[in-house]
Each structure stands twice: as structure tokens, then as C-alpha cells.
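The values are calculated or read from the model by the stated rules, or taken from the named source; none is laboratory data. Everything numeric here is computed off the predicted structure, so don't read it as measured data. Heads up, the Cβs are rebuilt from the backbone with ideal geometry, glycines too, and the neighbour counts pull from every protein chain shown.
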Amino acid sequence: MIHVTPSIVLDEAEISESFVRASGPGGQNVNKVSTAVELRFDAARSPALSEAVFHRLAALAGRRMTQDGVVVIEAQRFRSREQNRADALERLVALIRQAAVAQKPRRPTRPTLSSKVRRLEGKTRRATVKKLRGAARLED
């Protein structure tokens, strides 16, 4: 069991891992050993996530979520398989934690009188500067 938040607990069976060859530095080792991790979590069918959390997760995950609702996280930062595994799991948990927090709805507010006055004074000052830029007129 993976504890994400007090209310969200993921079953380890919901997460599948596959190991692939990593790109980048590593010498001959990188060509022989599959150390990169591709972690898959089926968020659409997970009983641990509510509908609201799933929709926020989909928005946060972006291209990391497939059309079927599967979150795919690739980790190849480290040279060892265990570190990449832990990194991928940590990133998934952080993503779900972030999705679990609902944003507070914005309450519309009105501008204060002083802010209105400041804005209008700035507009007047700017208009005066622009008016003075005009071509000099000949007085008759």
C-alpha cells in the first residue's frame, strides 16, 4: 500500500513497471542493462481516486496521461534500476498529491477608490505626454 494522502491510498497492484534501456551517458553499461523505468498507473479505473481528483490529475499530467486515463511516467535520471524506480514512484505520488488539493474558488473583488484614482491619474499623465509630442503649431 502506498500512502499518498490520509484519504488516498494506492494499491501496489494498480501500478505496473517495465524496464527499458536508458538513453544518455553510461558507457557500455547503457547498451547492455535496462535501467530506465516506465511506470504506468491506470487512474481512470483506480478506486482510490475520486472523480474530481481524477479530472485535476488529468489536467496536471497533460501529455503524461493517455486517452484511456493511464498515467505514464518515465524515469532514467539515475544509473541504477532501484533509484529510477523510486524516482518514478515519487513523481507519481507528488503528482497525485498535487491533484488532491482543490483550488479555492476565486471571489471577485472590486477595485478600491484609491486604486481607481491612481489609474485615472496615470492615464491623464500619459495623455498629456502624448499631446505634447505633437508638431509645434504656429500662433497667428
| note | Taking segment 42-55 and the residues there that are in contact (Cβ under 8 Å) with a residue 12 or more places away in the chain and of a type outside the set (A, V, I, L, M, F, W, C), the one that is surrounded by the most Cβ atoms within 10 Å (Cβ to Cβ) would be S46
| field | Given (1) in contact with a helix residue (DSSP H, G or I) (Cβ under 6 Å, 6 or more places away or on another chain); (2) of a type in the set (A, V, I, L, M); (3) buried (at least 16 other Cβ atoms within 10 Å of the Cβ), index of the condition A58 fails | value | (1)
| Those residues of segment 57-97 which are touching a residue at least 40 places away in the same chain (Cβ under 8 Å) and among the polar types (S, T, N, Q), in sequence order | Q76, S80, N84
| request: Name, by its number, the condition in (1) in a loop (DSSP other than H, G, I, E, B); (2) modelled with pLDDT under 75 that does not hold for R77. | output: (2)
| field | Subset of segment 24-41 that is modelled with pLDDT of 70 or more and not basic (K, R) - its residue that is surrounded by the fewest Cβ atoms within 10 Å (Cβ to Cβ) | value | S34
